[in-house]
Amino acid sequence: MDPMESMMGLLRIHIQRGVNLAVRDMRSSDPYVVIKMGKQQKVKTRVVKKNVNPEWNEDLTLLVADPNLPIRLCVYDRDTFSFDDKMGDAEFEVATFIKVLKMRLEGLPDGTIITKVQPNRQNCLAEESYIVWSKGKLVQNMVLRLRNVECGEVELQLQWIDVPTSKGL
């Protein structure tokens, strides 16, 4: 089966920044982010040298076939001579975002908040996550608290890209 046919569309994940990430080298870290969805897909940001508050400002894109699959984010410290160290991970879901996309909203005032996702024990949200109408499209802003690490958060924004050849939402 053609993966394009089962695909609903593309999810653009704008990895904005890391905040107060863990120190893994002597005094700092060289962090980068890896995003995974399901078994096939893995995308990553560039490395930001010697910075525990890195500004990646990078767009990563995933094909979405199953909106119920969680998306996993891992932060690593780039090491030249050994394996890259883990600096925490987080998971987030896109089901709520996709549900709102399916409402096919149009022409709302810029900055209209459509819905919010509350942080709870099951998710990795550090604060409320807003799904907002911004510049003519829906976006979801998230601050994820990293797990399995002493500190650190990653700020990102989701945006949907419709693909003409896909089955769509």
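Numbers below:
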| quantity | calculated |
| --- | --- |
| Expected 222 nm ellipticity per residue - DSSP helices of 4 or more, -39500 (n - 2.57), all of the chain, to 500 | -1500 deg cm²/dmol |
| Distance cut-off 19 Å, percentage of C-alpha pairs in the range 62-169 lying past it | 52 |
| Max mean-square fluctuation residue, GNM over the chain, Cα-Cα springs under 10 Å, options Ser134, Ser28, Ser82 | Ser82 |
| Top of Pro70, Pro109, Pro119 by mean-square fluctuation, Gaussian network on the chain, Cα under 10 Å | Pro109 |
| Probe 1.4 Å, accessible area per residue of the chain, Å² | 56 |
| Extension gain from Asn51 to Lys86, taking 0.36 nm per residue of separation minus the Cα-Cα distance | 11.1 nm |
| Debye intensity ratio in log₁₀ form over the Cα atoms of the range 1-81, taken at each q of 0.11, 0.21, 0.24, 0.26 Å⁻¹ | -0.35, -0.92, -1.09, -1.21 |
| For the chain, built as a Gaussian network whose Cα springs stay under 10 Å, the top-fluctuating residue of Met37, Met142, Met103 | Met103 |
| For Val52, residues with placed amide H under 5 Å, excluding near neighbours | Ser29 |
| Two-decimal log10 I(q)/I(0) for the range 1-145, as the Debye equation yields it once each C-alpha is a single scatterer, q = 0.13, 0.15 Å⁻¹ | -0.65, -0.84 |
| Which listed pairs, of Lys99/Lys167; Lys99/Lys137; Lys44/Lys99; Lys36/Lys167; Lys44/Lys135, have C-alpha distances above 20 Å, in listed order | Lys44/Lys99; Lys36/Lys167; Lys44/Lys135 |
| Alpha-carbon Debye profile of the range 46-107, log10 I(q)/I(0) at 0.14, 0.20, 0.28 Å⁻¹ | -0.62, -0.95, -1.26 |
| Portion, in percent, of the accessible area of the chain that falls on carbon or sulfur, probe 1.4 Å | 50 |
| Distance from the range 67-91 to the range 92-169 (C-alpha centre basis), Å | 20 |
| Percent RCO, i.e. relative contact order, over the range 1-143, from Cα pairs under 8 Å lying at least 6 residues apart | 19 |
| Heavy-atom accessible area ranking, 1.4 Å probe, most first, across Phe97, Phe83 | Phe83, Phe97 |
| Accessible-area order (highest first, 1.4 angstrom probe) of the listed residues Thr96, Thr80, Thr45 | Thr80, Thr96, Thr45 |
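The values are calculated or read from the model by the stated rules, or taken from the named source; none is laboratory data. Because the structure is predicted, anything quoted here is derived from the model rather than measured. The accessibility values were calculated without ligands, DNA or RNA, using every heavy atom of the protein model including side chains. Shrake-Rupley method; radii C 1.70, N 1.55, O 1.52, S 1.80 Å.
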